[in-house]
Amino acid sequence: MTKLKETLLKKIEAHRPRTTRLLKEHADVKVGEVTIGQAIGGARGVKCLVTDISYLDPMEGIRFRGKTIPETFAALPKAPGSDYPYVEAFWYFLLTGDVPTEEQTREVVADFKARARVPHYVYDILRAMPRDTHPMTMFSAAILSMQRESQFLKRYNAGMSKMDYWDPMYEDSTTLLARLPQIAAYIFRMKYRGDTHIPPDHDLDLGANFAQMMGIDKPYDDVARMYFILHSDHESGNISAHTTHLVASGLSDAYYALSAGINGLAGPLHGLANQEVLRWTQAFMEKLGGKLPTEEQLKEALWNTLKSGQVIPGYGHAVLRKTDPRYTAQREFCLKHLPDDELFKLVSMIYKVTPDILMEHGKAKNPWPNVDAQSGVIQWYYGITEYDFYTVLFGTGRAIGVLANITWDRALGYPIERPKSITTDMLEEIAGIKK
Ligand code: CMX
């Protein structure tokens, strides 16, 4: 057993009595009330999910296992010569809450390598799809196609104690994570680089290997590490995390659950917003003949978008009420590596004027940028100009968080998720409109 799995088992055994006690002795204690606004309005703010892997404070932003983004980046072991941690170390950290040593990190790197070989049928399936299929559809299909390899399914069918469910969930999740970068890179090069492929280098860690397979030089290895970590987890209620959790709650395995979560990420109000940001920004620059706009031109374009009933992509958030620290982390990367890039300058101008416009518009509860407002600029700068692909990058990162979550879901025996729905008649009765 790897040190990671051994540590995880110890943590699970120590944690189980806490959940059992809460359920046995305090199950009737109220956590909050649900209003009619929340019942109709997408359950905003209803506290009915539990995760210890990350917590999203509306004003402070995300904390992974109690650490802010800068604290996480500072604490975890880094690849030699790199500014950002190993993704493998982050996986250890999200699963256990412990910062791994160099040696423990190296063991995870080796474990990922041992699992990284993508079965050939996955490529056959991708190649059989029409080439203009959206890369997110390809990504989801590739994940789902590997379901036949599920350890969870095999052991479930053989008869497995509930106490052991976490083990094959962990195994499937680790295998999936190890393979996703290669699948993402394959989709990219098949669709956008003339179907030419670069083999993986198994001496490299996940971030560097991804950069290698994408065919992009340094510091893209660090971009990959930063990007995957920043996009990994945003507590449990966002669409991709919640969908993955919901599907897994029916004891669907990690392949079914992650593929479903990726489908949720593909919506323009969620992960696809990073593609929309670039689409909006590029279209605008094209209209100006590639020149940077004046502040007045920019304000006019933003108002035109709002007046035509569209959202400004990359702005607003269901929980956050300040600038997303994931935006800030990427902005800091841009200030260091691409301060003079035209697109970065435009995105910075948008940051300067949009919050005031959204406040004046008066609808969005949060006028500040989210993670998607900045991420496309970096990818574009390093040559990934095919913005359809950006959400696949988001999905590769998001997998780290949601797979850690469903491993813990099984460890703590969280049951099938089944909230209750009521009718509009019933709501009108509760509101006193109807007798
Ligand atoms: N531009 C224009 N209007 C916006 C807006 C934006 N960026 N953000 C919110 N609004 C509007 C909403 O559409 C809503 O309008 P209606 O009352 O007409 O329906 C109103 O303001 C209130 O919405 P809210 O409570 O502030 O936001 P929600 O929790 O409903 O939605 C989100 C959150 C992110 C979907 C929304 O802010 C949005 O659509 N943003 C643009 C898309 C985007 O960037 N999504 C990525 C989010 C991060 C991620 O998951 O990847």
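The values are calculated or read from the model by the stated rules, or taken from the named source; none is laboratory data. Treat the numbers as computed from the prediction; the structure is a model and nothing was measured. Methodologically, a virtual Cβ is constructed for each residue, glycine included, from the backbone with ideal geometry; neighbour enumeration extends over all protein chains shown. Heavy atoms of the whole protein, side chains included, go into the accessibility calculation; ligands, DNA and RNA do not. Shrake-Rupley method; radii C 1.70, N 1.55, O 1.52, S 1.80 Å.
A few points about this structure:
- Selected residue (only one of Leu335, Leu358, Leu346 is modelled with pLDDT of 95 or more, closer than 28 Å to Met59 by Cα and more than 16 Å from the ligand (Cβ to nearest atom)): Leu335
- Checked against the criteria, Tyr186 does not count as more than 28 Å from Gly267 (Cβ to Cβ) and aromatic (Phe, Trp, Tyr).
- Tabulated pairs, the stretch 404-433, first free of Cβ contacts under 8 Å to residues at least 12 places away in the same chain, second in a loop (DSSP other than H, G, I, E, B) and surrounded by fewer than 17 Cβ atoms within 10 Å (Cβ to Cβ), C-beta under 8 angstrom, 6+ apart or interchain: Asp425/Lys434; Glu428/Lys434; Glu429/Lys435
- With respect to the conditions (1) touching a helix residue (DSSP H, G or I) at 6+ places or on another chain (Cβ under 7 Å); (2) farther than 24 Å from Trp368 by Cβ, Lys67 lacks only one, and its number is (2).
- In the set Ala318, Ala329, only one residue is touching a Lys or Arg at 6+ places or on another chain (Cβ under 7 Å) and crowded, with 17+ Cβ neighbours inside 10 Å; that residue is Ala318.
- Counting only helices (runs of 4 or more DSSP H) wholly contained in the stretch 1-110, the ones carrying 3 or more residues that are among the aromatic types (Phe, Trp, Tyr), within 30 Å of Gly316 (Cα to Cα) and open to solvent by less than 80 Å² (accessible area, probe 1.4 Å) occupy 87-96.
- Helices (runs of 4 or more DSSP H) wholly inside the stretch 231-330 containing at least 1 residues that are within 30 Å of Val118 (Cβ to Cβ) and within 14 Å of the ligand (Cβ to nearest atom): 239-249, 254-265, 273-287
- Entry remark, the stretch 144-202: residues being touching an Asp or Glu at 6+ places or on another chain (Cβ under 6 Å) and of a type in the set (A, V, I, L, M) number 1 in total.
- Tally, over the stretch 389-435, of residues that are of a type outside the set (A, V, I, L, M), surrounded by fewer than 14 Cβ atoms within 10 Å (Cβ to Cβ) and part of a helix (DSSP H, G or I): 4
- Assessment of the stretch 372-390 against the conditions (within 9 Å of the ligand (Cβ to nearest atom), at pLDDT 95 or above and in contact with a Leu (Cβ under 6 Å, 6 or more places away or on another chain)) yields no matching residue.
- Cβ pairs under 9 Å, 6+ apart, first in the stretch 117-134 and among the aliphatic types (A, V, I, L, M), second open to solvent by 60 Å² or more (accessible area, probe 1.4 Å): Met129/Thr137
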